[in-house]
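Undergrad: Supplied in structure tokens, the structure appears directly below.
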Amino acid sequence: MSSALTHSKSERIDVRASTPVKQLLQEAARVAHKNVSEFLLEAGIIAANQTLADRARFELSPEKWLEFLAALDRPVSAKPKLQKLLAESGLLDPLRGKPCRSGQGQKRGR
């Protein structure tokens, strides 16, 4: 985990939640062998890093910038394997109301 977790904790964050959400967080923390504060802090740091990852600034040398622009300007080439993959139903498609790969719908008891 990031070094943010290793620094001493001097700030407090208060969170309000409904009873079902509190129970859910307590159960998840218990399963993860953490207290709710540790669980929320770790999950919050992960979510914050993922949210901010797209906003990271990358700097390129002038030569690398030109290479990058050239790659963007290249014509699109056919990628049959990718096209085939994207045409197939995915594992999560039943959750979106689409049929499973088997066409039988979701199987229960797994």
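The values are calculated or read from the model by the stated rules, or taken from the named source; none is laboratory data. Since this is a predicted model, take the numbers as computed values, not measurements. Using ideal geometry, Cβ is built from the backbone for each residue, glycine included, and neighbour counts are taken over all protein chains shown.
Undergrad: Please pick out the residue among Asp54, Asp93 that is surrounded by 11 or more Cβ atoms within 10 Å (Cβ to Cβ), modelled with pLDDT under 95, within 21 Å of the chain's Cα centre (by Cα) and not polar (S, T, N, Q).
TA: Asp93
Undergrad: Follow-up question, since we're still on this one. Looking at segment 58-67, can you tell me whether even one residue there is part of a loop (DSSP other than H, G, I, E, B), out of contact with any Leu (no Cβ under 9 Å at 6 or more places or on another chain) and modelled with pLDDT under 80?
TA: yes
Undergrad: Sticking with this one: If we keep just the residues of segment 68-90 that are modelled with pLDDT under 90 and surrounded by 10 or more Cβ atoms within 10 Å (Cβ to Cβ), which is nearest to the chain's Cα centre (by Cα)?
TA: Here the answer is Gly90.
Undergrad: How many residues does segment 1-51 contain that are surrounded by 10 or more Cβ atoms within 10 Å (Cβ to Cβ), of a type in the set (S, T, N, Q) and either assigned to a helix (DSSP H, G or I) or at pLDDT below 90 (or both)?
TA: Number of matching residues: 5.
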